[in-house]
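Notes follow the structure.
The values are calculated or read from the model by the stated rules, or taken from the named source; none is laboratory data. Just so we're clear, the structure is a prediction, and the values are computed from it rather than from any experiment. FYI the Cβ positions are ideal-geometry reconstructions off the backbone, even for glycines, and counts take in every protein chain you see.
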Amino acid sequence: MNTPAFLILCTTSLALAEPQAFDRLTFHAAPKALSPDAQSEDWPRFLGPRHDLHSKETKLLKSWPDSGPKMVWEVKRGSGHAPAVVSGDFLVMIHASDGREVIECLQPETGKRHWKFHYPVQLGSSFGISDAPRSGPVIDGDLVFTVGVRGDLHCLNLKTGDLVWKTNLDKDYGPAPLFFGRGSCPLVDGDQLIVNVGGKICVASFQKRTGDLIWSTNHDWHASYASPVPATIHGKKRILVFAGGKLSPPAGGLLSLDPKTGTLDQAFPWRARMFASVNAASPVAVGNAVFITESYTQGGALVDFAPDGSVKLRWKARQFGSQFTTPIAHEDHLYGIDGTAGTEMVCYDLKTGRERWRDGIDIKGARLGRASLLRVDGAFLCLGDQGTLLWLDLTPKGATILAQSQLFRAPETWGVPTVSRGLLFVNQNDMGPRLICYDLRGK
């Protein structure tokens, strides 16, 4: 059950009247002034304001020296792959440090801290990989929501860091069968907070301001690392959940839910046949169809929804298997990453499923790896998993590098980069973890 703030004794919040510098912050130089002609917007969740990895930002810097764009500030942090999110004057990040999960709110242009909230967490490891926060925060108006690796779901006041409500998904609904702890981001839909819970229930809707349970959906596929996304299919609002975690025998697939009631419309099976796998890339809604992808045996599939709600496979692409990076739909084509370790960028025709091209991308000695893509300002911003930043022109004819730089050289640079108001925020996840702010403001 959710717990009122005045009963919480195990959590700590430090709120400040004005953002303050702190010992882990290094400020390098103020960014350029934002162009008065620039269009900008918040990036309040890891898939962006419209859940599709598209941004309306304009007037961004498209060329830079070999050293890359100018660094504005950096903050040392603990472990975790969760990307930072931004709304107005507030940037929120979550990481694990010294046996605690830490939620911090920073001022985007200076890195100074508005507030800090933390609580104890028990971390473990699987397959030699340590647990760490993977679910990015979600900002909605005056609230921010986080899901910790052990199921600690918090709702905090964005401006003060005060606790509004909390619950523990593992304790209330049973542990979700996952390899590295929880990693799916919640979804705000109106007054609801929708979570791929797992355990005793598959999906749940909570009243976002109180934490009260509104509805729950039972299904054997349980939780995954993919985040729920909203869609409008044949004029009806739906919630798409790509479920399927640590199950034996392996099971999972695409769920279509009525957001008002949680009623399950359709369940389309799509899951690797091997146990050591999960569904992790979020569904991509394209008109009345949905693209789903996993990287171990099945690859990708485009699923058509009929007006009566039934589904059928339009095409499948065994060689479009994204391990956890969500592809981007742009002008009747899909762009994304195929593979787990030896990866290539691919382009597929949405209508036919035809592969138009694949490219390992020559990035001067570094590998593309599990790269992330973001469509912004008329091009694609790409962050390779060794810390390489690229501007790419991606069309059905091929990929062209417009600019590139090795920001740093560190493995596991995973998580979609965040762009808001001409600033770029990147997590370095290994060899000295830090959150770095770069100046992408053009003239």
Select from the range 241-270 the residues that are modelled with pLDDT of 95 or more, under 24 Å from Gly339 (Cβ atoms) and crowded, with 19+ Cβ neighbours inside 10 Å and list them in ascending order. Phe242, Ala243, Gly252, Gly253, Leu254, Trp270
Hey, among Leu193, Leu187, Leu143, Leu153, which residue is farther than 23 Å from Arg50 by Cβ, modelled with pLDDT of 95 or more and either buried (at least 24 other Cβ atoms within 10 Å of the Cβ) or in contact with a strand residue (DSSP E or B) (Cβ under 9 Å, 6 or more places away or on another chain) (or both)? Leu153
Of all residues in the range 265-302, which are farther than 20 Å from Thr325 by Cβ, among the small types (Gly, Ala, Ser) and in a loop (DSSP other than H, G, I, E, B)? Gly287
So Pro230 fits all but one of (1) in contact with a strand residue (DSSP E or B) (Cβ under 7 Å, 6 or more places away or on another chain); (2) surrounded by fewer than 17 Cβ atoms within 10 Å (Cβ to Cβ); (3) not acidic (Asp, Glu); what number is the exception? (2)
Conditions (1) out of contact with any Gly (no Cβ under 7 Å at 6 or more places or on another chain); (2) buried (at least 23 other Cβ atoms within 10 Å of the Cβ); (3) closer than 25 Å to Glu57 by Cβ; number of the one not met by Leu440: (1)
Count of the range 340-357 residues which are in a strand (DSSP E or B) and either surrounded by 20 or more Cβ atoms within 10 Å (Cβ to Cβ) or free of Cβ contacts under 8 Å to residues at least 40 places away in the same chain (or both): 6
Take Pro69 and tell me if it is over 20 Å from Asp162 (Cα atoms), at pLDDT 95 or above and not small (Gly, Ala, Ser). yes
Do you know which residues across the range 364-408 are small (Gly, Ala, Ser) and either outside any loop (DSSP other than H, G, I, E, B) or closer than 29 Å to Gly88 by Cα (or both)? Ala366, Ala371, Ser372, Gly378, Ala379, Gly384, Gly387, Gly398, Ala399, Ala403, Ser405
Tell me which strands (runs of 3 or more DSSP E) are completely within the range 82-123 and hold 2 or more residues being within 20 Å of the chain's Cα centre (by Cα) and either farther than 19 Å from Arg45 by Cα or of a type outside the set (Ser, Thr, Tyr) (or both), or say none if there are none. 85-87, 90-97, 100-106
Residues located in the range 409-430, provided they are at pLDDT 95 or above and part of a loop (DSSP other than H, G, I, E, B): Arg421, Gly422
Can you tell me which residues in the range 371-398 are surrounded by fewer than 21 Cβ atoms within 10 Å (Cβ to Cβ) and out of contact with any Ser or Thr (no Cβ under 9 Å at 6 or more places or on another chain)? Ala379, Thr395, Pro396, Lys397, Gly398
For His222, which of the numbered conditions (1) on the phi < 0 side of the Ramachandran plot; (2) outside any strand (DSSP E or B) fails to hold? (1)
